[in-house]
Amino acid sequence: MHAPVLVMQDSMKREQGGKVQRANIQAAKAVADIIRTTLGPRSMLKMLLDAAGGIVVTNDGNAILRELDLAHPAAKSMIELSRTQDEEVGDGTTSVIVLAGEMLHVAEAFIDKKYHPTVICRAYAKALEDAVAVLDKIAMTVDVEDRETMLGLVKSCIGTKFTSQFGDLIADLAIDATRMVGVELGQGLREVDIKKYIKVEKVPGGQLEDSVVLKGVMMNKDVVAPGKMKRKIVNPRIILLDCPLEYKKGENQTNAEILREEDWTVLLKMEEEYIENICAQILKFKPDVVITEKGLSDLACHYLCKAGVSAIRRLRKTDNNRIAKACGAVIVNRPDELQESDVGTGAGLFEVKKIGDEFFTFIVDCKDPKACTILLRGASKDLLNEVERNLQDAMSVARNIIKCPKLVPGGGATELTVSAMLKQKSSSVEGIEKWPYEAAAIAFEAIPRTLAQNCGVNVIRTMTALQGKHANGENAWIGIDGNTGEIADMKEQKIWDSYAVKAQAFKTAIEAACLLLRIDDIVSGIKKKQAPGAGPSKPKIDEEGDADNDQLIPE
């Protein structure tokens, strides 16, 4: 026989065929199992120690998976899913993973029966199309202006989170905030930029009930000269600057040789006059508050004090943008270009308050603000972080509804309806794809099943009863009441989900399942280009020059 030909290096590991798919499915299921218990109102919290030794306590699917450090490549791609979901729609991070895990789980049987993965993928893609069609059919439009409906909606989103015990509070905060910063784009479209214009300030201390949405902005700063400057101004005129109020140093280093002493005094005088000029230009507009992102020298501070103006320096750019949005000011880059229209007059109150042991500046009671701050109070940092995460989810849901005002039932009812419809349709699917198509239909039941499990009711009985209710595709609103595990009408319970979240979850989950099924070969141990002297490298061929001295060095 011929000697075997070595194509790959010894250090390479290569797995092929069904083995790989099974491994990927196992990995995906493992990830899904980690966060399976965090679905629904009766969800458990996970405590994670992060790299720095801090603690994260949460049940937000994305936050948990973000902290995990996984070795398996397939598991890593599952984590990407929840991140996508979080960035895209902000909620439903847990359901995506559970669904994708289930989709892969049902595919395992077919791979054992030697089905080709592309066949399974084709069936899944078909199932996805039909599922989205069913979603369209059962979705109902909602009136964004109707606060009751919005509250119910956001509440059902937070119902699954830790803050559900303060249900209305967080929902109110989220709705108020998103309502405030929504911008009309015309043609009935509304753009809500949560990241840019809603700031969440967490101040430990007090109770959660003290949290409020401020009609304006707050930041963790005090006036430059406490004691001299006013800390409370009603209806202030605000000027926002993006330039330092101190003497400008040259861009490049210059040496000036001065021979006469008077010249030195002239130089100093020029510096002072420069600052005085800037201040005069600003004071011409009779502001009450001057806020700059850069420094503010003592001299400038003196001139402003004399005029009775409160000043704040070194503010973050993002905060400055928010203030501009809130009080209607324009951020000015050079004091000599100030105009009357740049002065912000929209704010009702400028005040510096002490909360805990830090000073916070409030610019509140704005007329029609387009930016706002949510002030969260609570007992501990961990609690506040979790509340903030929940608030982010709630605001995302409110935003999704403002953008796309369609609802589907929550509590697993949507998934059951989709499942029932797909089971009906599967009889008309031709050929070998029929079985994976049916399996995909069954996989959708993972969500209501998990909900039932987390409530601790008899899963099999509940699921059979639900399937019976949904069997012919009617009463689409029957689902599980996540608190008691009883079968209930979601319409009466006001348990809704946003259409955007559900559609995105289905798409992400199924596409990911297809992606992982299509992998049939994992090659690991690919070496990076090695740095000289690192690890086993090719044997060095000695040149004549160093051939002798190499022998002398003992190993």
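The values are calculated or read from the model by the stated rules, or taken from the named source; none is laboratory data. Note that the structure is predicted; figures quoted are calculated from it, not measured. A quick note on method: Cβ atoms are made from the backbone with ideal geometry, for glycine too, and the neighbour counts reach across all protein chains shown. SASA here: full protein model, heavy atoms, side chains in, ligands and nucleic acids out. Shrake-Rupley method; radii C 1.70, N 1.55, O 1.52, S 1.80 Å.
Scanning the stretch 54-68 for residues that are assigned to a loop (DSSP other than H, G, I, E, B) and open to solvent by less than 20 Å² (accessible area, probe 1.4 Å) yields Asn59, Asp60. Each residue in the stretch 4-22 was checked for being open to solvent by less than 80 Å² (accessible area, probe 1.4 Å), of a type in the set (A, V, I, L, M, F, W, C) and not in a helix (DSSP H, G or I), and 2 of them qualify. Among the residues of the stretch 470-488, those that are without any contact (Cβ under 8 Å) to a residue 60 or more places away in the chain and closer than 13 Å to Val418 by Cα comprise His470, Ala471, Asn472, Gly473, Glu474, Asn475. Of all residues in the stretch 54-65, those that are under 13 Å from Ser95 (Cα atoms) and touching a residue at least 40 places away in the same chain (Cβ under 8 Å) have Cβ atoms under 6 Å from Cβ atoms of residues that are among the hydrophobic types (A, V, I, L, M, F, W, C) and open to solvent by 10 Å² or more (accessible area, probe 1.4 Å), 6 or more apart or on another chain, in Asn59/Leu45. Highlighted here are the strands (runs of 3 or more DSSP E) found entirely within the stretch 167-263 that include at least 1 residues which are crowded, with 19+ Cβ neighbours inside 10 Å: 198-204, 212-214, 217-219, 232-234, 238-241. Just one of the numbered conditions (1) among the small types (Gly, Ala, Ser); (2) under 26 Å from the mean Cα position of the chain (by Cα); (3) at negative phi is not true of Ser426: (2). Within the stretch 320-343, does at least one residue satisfy the condition of being in contact with a strand residue (DSSP E or B) (Cβ under 7 Å, 6 or more places away or on another chain), open to solvent by 30 Å² or more (accessible area, probe 1.4 Å) and without any contact (Cβ under 8 Å) to a residue 40 or more places away in the chain? Yes. Kindly evaluate Ile233 against the criterion of being touching a helix residue (DSSP H, G or I) at 6+ places or on another chain (Cβ under 9 Å) and closer than 22 Å to Val332 by Cβ. Spelling it out, it is not the case that Ile233 is touching a helix residue (DSSP H, G or I) at 6+ places or on another chain (Cβ under 9 Å) and closer than 22 Å to Val332 by Cβ.
Tallying residues that are open to solvent by less than 20 Å² (accessible area, probe 1.4 Å) and either within 29 Å of the chain's Cα centre (by Cα) or among the polar types (S, T, N, Q) (or both) within the stretch 103-126 yields 3. Scanning the stretch 31-43 for residues that are in contact (Cβ under 8 Å) with a residue 40 or more places away in the chain and over 15 Å from Ala513 (Cβ atoms) returns Asp33, Ile35, Arg36, Thr37, Thr38, Leu39, Gly40, Pro41, Arg42, Ser43.
Kindly indicate whether any position in the stretch 245-260 is touching a strand residue (DSSP E or B) at 6+ places or on another chain (Cβ under 6 Å) and modelled with pLDDT under 85. There is at least one residue in the stretch 245-260 that is touching a strand residue (DSSP E or B) at 6+ places or on another chain (Cβ under 6 Å) and modelled with pLDDT under 85. Residues in the stretch 86-145 that are assigned to a helix (DSSP H, G or I) and touching a strand residue (DSSP E or B) at 6+ places or on another chain (Cβ under 8 Å) were compared, and the one that is modelled with the lowest pLDDT is Ile138.
The number of residues in the stretch 402-414 that are open to solvent by 10 Å² or more (accessible area, probe 1.4 Å) and outside any helix (DSSP H, G or I) comes to 4. Scanning the stretch 328-361 for residues that are in a loop (DSSP other than H, G, I, E, B) and either touching a Ser or Thr at 6+ places or on another chain (Cβ under 6 Å) or of a type in the set (Lys, Arg) (or both) returns a single hit, Arg334. What number of residues within the stretch 346-393 are farther than 15 Å from Met180 by Cα and touching a helix residue (DSSP H, G or I) at 6+ places or on another chain (Cβ under 7 Å)? Here the count works out to 10. If you go through the stretch 23-53 and pick out every residue that is open to solvent by 20 Å² or more (accessible area, probe 1.4 Å) and on the phi > 0 side of the Ramachandran plot, you end up with 1.
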